[in-house]
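We did not get these values from a lab; they are worked out from the coordinates using the rules stated. What you are looking at is a predicted structure, and each value in this text was computed from that prediction instead of being measured. Cβ coordinates were reconstructed from backbone atoms using ideal geometry, including for glycine residues, and neighbour counts include every protein chain displayed.
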Amino acid sequence: MSALDRRQFLALGTALGLPAILAERAWAVAEGEGALGDVHRIAAITAEQVAGAEAIAGLSLTAAEREMLLPNLERGLRAFTAIRGVPLPNSVAPAIAFSPLVPGRTVETLDTVGVTVSPVAVSAPVTDADWGFATIAELGALLRAGRVTVRELTERTLRRLEVADTKLLMVTHVLRERALAQADVLDAEARAGRWRGPLHGIPWGAKDLLSVPGAPTTWGSPLYADRVIEETATVVERLDAAGAVLIAKMTLGEFAMGDVWYGGMTRSPWNLERGSSGSSAGSAAAVAAGVLPFAIGSETLGSIVSPCTRCGVSGLRPTSGRVSRHGAMALSWTMDKLGPIARTADDLAVVFAAIHGNDLRDPTAQAMPFGFDHDRPLDTIRVGIHPTLVRGEGNGVAAILPVLESLRARGAELRPVEWPDDLPASSLNLIISVEGAAAFDAVTRENLDDQMVQQTPGAWPNAFRAARFVPAVEYLQANRVRALVMERLDDLFRDVDVVITPPFAGNVLISTNLSGHPAVVCPVAFGENDVPATMTVIGGLWKEELALRVVAEWQRASDVHLRRPPAFS
Amino acid sequence: MAAGLDRRTFLGLCAGVGIPLATAERSWALAAGENLGSVNRISGETLAGITREQVAAAEKVLGVSYDNADRDQMLPHLEEALKAYAELREVPIPESVAPAFRFDPVPVGETVVPPPAGFVQVRELPPPSIVSDADLGFASIAELGALLRSGRMTVRQLTEATIARLERCDPSLYAVVTVTRERALQQADQLDAEASTGEWRGPLHGIPWGAKDLLAVPGYPTTWGSPLYRNRVLPETARAVELLDAAGAVLVAKLSLGELAYGDLWYGGRTRNPWNPAQGAMGSSAGSAAAVSAGLLPFAMGSETLGSILGPCTRCGISGLRPTYGRISRFGAMSLAWTLDKLGPIARTAEDLAVVFAAVQGEDARDPSSHPMPFAFDHARPLSGIRIGLHPDLATGDADERRLIAPVLAALRSQGAELQPIEWPERIPAVAMDIIMRVESAAAFEELTTRDRDDEFLDQSVDARPNVFRAAHFIPAVQYVQANRVRTVTKHRVHGVFQQVDVFLVPPMTEAALVTTNLTGHPAVTIPIGGPQEGPQRGIAIVGALWREDLALRVAHAWQMASQVHRRRPPAFS
């Protein structure tokens, strides 16, 4: 217990020739550690504290400037308290929203109407796995040919899912009753000759950040393992309306990071010792294991591209704003996108057509047209290739080179592009962690983060805590640099329609997630020990059709995407 | 370090006052500039740079609270973050680059019915009798238009007379930064040539005006009121200026604004209230309001983020329109706060505001916040059917204010409007506005802070820009995001008010008019209701539903047809 107050201590220090700064710091440090006990209340903000904050904000002020700040900063603290008094559930988005439109630039839209996919022969699957690995088109043909009812297909899917799940840990909740009830309705319609479209009767899974009433929407977290949200996400509404049958909620790494959820780690069907990657973990694993023909996942920074790569399946991360996020957990309001995972580009196109479009309940969702012409001539698409592919060396490059050859042989004109890399795109990661920290503000402040499943330095609890130190001014500046990144990419995509790239080359993943450009990922090869390799085809804004078309062409030329994990064949 | 003082003595001193040894050791090391480092509990490695103590200190400033384990775990993140900030600061960001997000005033899930399309119909007035120089100065747009069309005056003559009066009167007002003489005369000659062949561009053909000096015009400085920019010429023409040029209006001057759009103090002095030259005009559209109030110009363009049109217009006893966010393109205008700034016209009548607004509002691909909507105005349309809300603050002002408000309400009632009290939504923290504005403006002028040029600002006091910008750096980004979520809630609540009424009346210098509705992006018209012969004037604000400037202006016009208050002239400029 100190016998002196601060002023006396400092005076004594001066008398002894102690530099003020030394004495002040000693006092402040002691105070910060509570070493002085309760004799001295922790006062209003001090200049020393500001000095600490400066260090973390990367700012450098003079002593005079610091002093002048103090009333302002105290006002700030009162403001933060007032803001915290307003209840803000995760579903309340900020009044500022991202749009991929670059100011002053014109928007180019494609004119394809309708979705036409490659025709398929109706051939009855023989094994259970054959059923599981059938595509949307194939299943649709079987249903329409009367070879199977929706109910039978649903029950078969449920059985296969439950068995596979014991190995993959890819499901949070099975929606059996809902699925069977829907199946019966769809069978009745089918008997009356009413087919809702290509998704009529097709089973699917929803990443468990999409709300569906009647069962928990867990967000992968023990905090919400039993929490039901009585609201149907727009994506689910649209797929219901299209006749698809929602079978289960699929796992995601807690709060959309990685593959570890409250039930464990979702596995890759290709190697059950390894995680599926994430965060669209269960969605990718289920499709890869031939359990579901498609699932809906999401991406903020890699959460479609990464698990699709690990699990060797195809995925579409659409242009920002293409798919309504109403009813989806928000991690990063300016970066989250919902998208389909499936085994073929054709399937991705069919699902995307059903889910995209504007929605009053999500003002960022736009009404841009989408069509898919599986026969669009390849040479109408200006295809660029990433510099690493041009150089022929780098991570993920070797597996893609034969794909380029194949595409060239089939009439594609590939041209090298210069990918912009003069801006520090990776520094913009703070946008995600700041927005995530805000979205999960209560979890951090109420110390619920101690109950979260992952506690490593890279996991959300620490990332959210640290993000609370990011100055707002830096967040704003990051968003201005983001505007410059968007301009650069817009410039690039004036000269090409799509760019083929290894999935994790350079800054491609972060910069296209920041700009909102669409990406299609698909497997291109399997290496030693069945490790999948993929390529990503980045599209110009709203040019999902062209990226899908290029992938569709590759999938005509090869059967890599048809390969089945041995454990699930 | 003081001679003779060594570490051992210091430690002894600290022990003598009960400071634990470990603490004292760390403190010595800090002061001695030693690289304390901190221990990364995972790897056991010592890291340089940010320390646990600094984190603890920062928590106090940022309003968060962690334990030592948390603090240690995040140190690498914080180090990475510093590198990220340094990288970001290296990027040259042109002033015109806005952040990659935008504000939309429409609440989520609501459809807002667009206003009707149509024309702007104002009264046709005969040419005024011009006895004095002041009569010309106080003429309205319609009156000046009539004067020009009658042939009694050419555009050139009007331009020269206006410039002459400006130059004569400005020394007591400090409202003019630059007279754009050559540009104005060139334009005037062109417009006279057109008029002589019978081509009239419209109601603004030949009408003189001034631009708040945050609107870029090539060939002349665009100073932003700051000595930092007093000679800086920008190459582009602001969209609002382009549109007014195209409409035939003649830009005669760049008008003062408090430095960087704060207050009424610029490098040339403090802009004065024509009703009391000992008093500032308020800001930041100081010169725009003062020049119009003193009868030097029929209209000017100003801007508002948090009161910069409503404030000076009220004090100077004139009319101003702060439109819906996104109505007027801000291309070529200084950005203060990207999600809050609005440009708007300042004039002496609601009709004049309508004419100018029609000319400058509209879409512009270069302004990402631009949100086009139709605008129509009919001076003759009766008020019946308009639902006018009465904000509770109409009753909370002083006796003078309430006395001046009463006839306004009476006049509106007698013209057929339905007046009804409104319940204002439970108070949402005004601090959301404070946070958003401070952060955005600090970011917009970030370079000035980080490169220490802020020492050159005029006003170095506690509430002025330099200190405010520095302080803003300690607002966490999470708080900024949260403030914008509170803003979302606020939008919904205010939207609820507009389900009951089309517009509401409220005194201008109130939270509802200045803070809440600036946050939500609602339009507001302020009009004079009277005041002393010398001193600050009084006004009333008419806040409209989103994009319903037409309704707010109609209500304003109705009052102005029933009273002569808006025709009063400040004695010093009559």
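Overview of values
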| read-out | value |
| --- | --- |
| Cα convex hull of the protein assembly as shown, projected area averaged across orientations, nm² | 49.6 nm² |
| Under the Debye formula (equal points on every Cα, no solvent term), log10 I(q)/I(0) of region B:444-508 at q = 0.15, 0.23, 0.24 Å⁻¹ | -0.72, -0.93, -0.97 |
| Estimated inter-spin distance, A:Thr106 and B:Ala410, nm [label 7 Å along Cα→Cβ] | 6.0 nm |
| Estimated 222 nm signal from helices in chain A, with DSSP H stretches of n ≥ 4 weighted -39500 (n - 2.57), rounded to 500 | -12000 deg cm²/dmol |
| Average other protein chain Cβ within 10 Å of Cβ, residues A:477-488 | 6 |
| 18 Å cut-off, amide nitrogen to a point 7 angstrom out along A:Ala241 Cα→Cβ, residues in region A:78-100 | none |
| For A:82-89, mean number of other protein chain Cβ atoms within 10 Å | 6 |
| Spacing of the two label points (7 Å from each Cα toward its C-beta) at B:Ser196 and A:Glu67, in nm | 6.8 nm |
| Order of B:Trp209, A:Trp270 under a 10 Å beta carbon neighbour criterion, fewest first | A:Trp270, B:Trp209 |
| Cross-link pairs beyond the 27 Å C-alpha cut-off, checked among B:Lys83/B:Lys491; A:Lys167/A:Lys207; A:Lys337/A:Lys543; A:Lys337/B:Lys342; A:Lys207/B:Lys491 | B:Lys83/B:Lys491; A:Lys337/B:Lys342; A:Lys207/B:Lys491 |
| Packing-based order for A:557-564, B:443-450, B:161-168, A:525-532, using average beta carbon neighbours within 10 Å, highest first | B:443-450, B:161-168, A:557-564, A:525-532 |
| Residues A:Asp491 and A:Ser60, FRET efficiency given R0 of 41 Å [Cβ-Cβ distance, rounded to 0.05] | 0.70 |
| Per residue, the convex hull volume that the Cα atoms of chain A enclose (Å³) | 174 Å³ |
| Nearby lysines by direct alpha-carbon distance to B:Lys254 (threshold 16 angstrom, same-chain neighbours under 8 apart not counted) | B:Lys212 |
| Protection proxy ranking, peptides A:183-189, A:475-481, average beta carbon neighbours within 10 Å, highest first | A:475-481, A:183-189 |
| Sites B:Ala69 and A:Asp530, calculated FRET efficiency, Cβ-Cβ separation with R0 41 Å, nearest 0.05 | 0.50 |
| Compactness of chain B as Cα Rg over 2.2 N^0.38 Å, two decimals | 1.11 |
| Contour minus Cα-Cα distance for A:Asn447 and A:Leu272 (0.36 nm per residue) | 59.6 nm |
| Euclidean distance of C-alpha centroids, region A:500-569 and region A:317-344, integer Å | 17 Å |
| Contour excess over end-to-end distance, with Cα ends at B:Asp135 and B:Ala365 and 0.36 nm allotted per residue | 78.7 nm |
| Relative contact order (%) - chain B, alpha-carbon pairs under 8 angstrom, separation at least six | 14 percent |
| Region A:274-337: relative contact order as a whole-number percent, Cα under 8 Å and 6+ apart | 32 percent |
| Cα-only radius of gyration and Dmax that characterise region A:247-336, units Å | 12.2, 36 |
| Least to most buried among B:Glu182, A:Glu553 (fewest other Cβ within 10 Å first) | B:Glu182, A:Glu553 |
| Region A:292-424 - convex hull of alpha carbons, volume per residue in Å³ | 151 Å³ |
| Span from the region B:106-165 Cα centroid across to the region B:535-572 one, whole angstrom | 16 Å |
| Within chain B, helix-based [θ] at 222 nm, where runs of 4 or more DSSP H residues each add -39,500 (n - 2.57), nearest 500 | -11500 deg cm²/dmol |
| Average beta carbon contacts from partner chains per residue of A:432-438, 10 Å cutoff | 4 |
| Full-extension gain in nm, B:Arg168 to B:Ala117, via 0.36 nm per residue minus C-alpha separation | 14.1 nm |
| Region B:489-533 versus region B:383-422: alpha-carbon centroid distance in Å | 13 Å |
| FRET E, pair B:Asp400, B:Glu182, Förster distance 41 Å, beta-carbon r, rounded to 0.05 | 0.35 |
| Gyration tensor (alpha-carbon) shape descriptor, region A:452-569, a/c threshold 1.5 | oblate |
| In degrees, nearest ten, helix A:150-168 long axis to first principal axis of chain A (Cα) | 50 degrees |
| B:Leu82 versus B:Gln500: modelled label distance in nm, points set 7 Å from Cα along the beta carbon direction | 5.5 nm |
